[in-house]
Amino acid sequence: MSTQNPAKPLHGRVAVISGASSGIGEASAEHLAALGAKIAVLARRAERLDDLVARIEKNGGTALALAADVTQAEEVQSAADQVEAELGSADLLFNNAGVMLPAPVEELRTDQWRQEIDVNITGLMNVIGAFTPQLVKAAGQRGVADLINTSSVAAQNIFPNFAVYSGTKAYVTHLSRHLRVELGPKNVRVAAIEPGIVGTELQDHVTDQGAQDWLAGSKETMEWLTPEDIAETIGFIATLPPRVNLQQVTIMPTGQPS
C-alpha cells in the first residue's frame, strides 16, 4: 500500500530551477515546493533568491539559494556540488534562465546577440553539464528524473526582428529532442517547454522600439499567460508516471494566433 501523500506528489524529490529570481522560475520554485520537492534556486540576484527561499520555508518547504551566473561554468558546477552535498542528487532540473533582446539584424547589435547566445545556449549547456550526472544517478536510484528546458514558441514560428532569439530557442528544442534519446534509456525524461507570451521581466529588457510597440499592442488585444500557468505545467510534467515523457509542450495564450 502506497504511503505517498497525494497532496505532495513530489515528496522526496530534489528540484533545481535556474533563472529563479523572477517570473517563471520563481513561480515554479514555489509551486514545486508546494508539491513537496526540496528546492534549489539558482540565479545571479542573491537577495531575490534569499527572499524566495524565506517564503518557501515559511510555507513549510525546504529550499537552498545558489547565487551563480549560468554563463560561468565554474560557478554552476560549484552550485551543483552544493546541491548534492546539502540536498542530495537533483532528480528534477528546470533549466529556465534566458534573455530576449529582439532587434533588426541590420542594426548589428552584436552585444545583444552575444548576450542571448551566452545565456540561452552556453548557460543552458553549463547547467546541463553540471547537473546531468546527478539526474542519471538519481534516476538509477529512484526510477525517474526530469530535465525540463525552457524554449519558446519562437523556436517554431516566425517573428520579425526576433531572429537571434528564435535561433537560440530552436537550439533548445532540437537539443532537448536529442537528449531525450540519449537519456531516456537511463530513465531521465527530457522535455522542452515552448511558451507563447508570458508576462515576466523578459519584456522589460527589450530595447527595440518596434518590438516594444508590438508587445504593447498584443497586451491590449489578448490576455497573456502568467508565470503560474507555466509553473503548473512543470508540476504536471514532473508528477506523471515514470513511463510518460511529454517531449515537447507548446503553451499559448488563447488569443495569441502564432
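Here, each number is a calculation from the coordinates, and none is a lab measurement. Since the model is a prediction, treat every value here as computed from it, not as a measurement. With ideal geometry, Cβ positions are generated from the backbone for all residues, glycine too; neighbour counts draw on all protein chains shown.
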Listed pairs LYS8/LYS169; LYS169/LYS219; LYS58/LYS219 exceeding 26 Å between Cα atoms: LYS8/LYS169; LYS58/LYS219
Between 0 and 90°, nearest 10: helix 73-86 axis offset from the chain longest Cα axis: 30
Folded to 0 to 90 degrees: helix 124-142 orientation relative to the chain principal axis, Cα: 30
Distance between modelled label sites at LYS58 and GLU182, nm, 7 Å Cα→Cβ extension: 4.1
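Which loop-located trypsin sites (Lys or Arg not before Pro) does region 20-70 contain, where loop means any DSSP state but H, G, I, E or B and the Cβ has at most 14 other Cβ atoms within 10 Å?
Qualifying residues, ordered by number: ARG45.
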Packing-based order for 92-102, 137-147, using average beta carbon neighbours within 10 Å, highest first: 92-102, 137-147
Qualifying aspartates and glutamates (Cα of each under 13 Å from Cα of LYS137; at least 8 residues distant if same chain): GLU84, ASP91, ASP146
Whole-Hz ³J(HN,Hα) from phi, Karplus 6.51 cos²θ - 1.76 cosθ + 1.60, for region 161-166, glycine and proline x: 6, 9, 4, 5, 4, 4
Label zone at ILE158, where the point sits 7 Å out along the Cα-to-Cβ direction: region 93-128 residues whose backbone N lies under 11 Å: none
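Can you tally the net charge around LEU147? Count Lys and Arg as +1, Asp and Glu as -1, for every other residue whose Cβ sits under 15 Å from the Cβ of LEU147.
With Lys, Arg at +1 and Asp, Glu at -1, the neighbours total +4.
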Cut-off 18 Å (backbone N to label point 7 Å along Cα→Cβ of ALA7), residues of region 30-71: 30-38, 56-62
Region 211-242-region 68-104 distance, computed between alpha-carbon centres (Å): 22
Charge tally in the Cβ shell below 11 Å around GLU116, where Lys, Arg are +1 and Asp, Glu are -1, GLU116 excluded: +1
Neighbour cut-off at most 13 other Cβ (10 Å), DSSP loop, GluC sites (Glu not before Pro), region 179-230: GLU223
Nearest-0.05 FRET efficiency for ALA170 and GLN141, computed from C-beta distance (R0 35 Å): 0.55
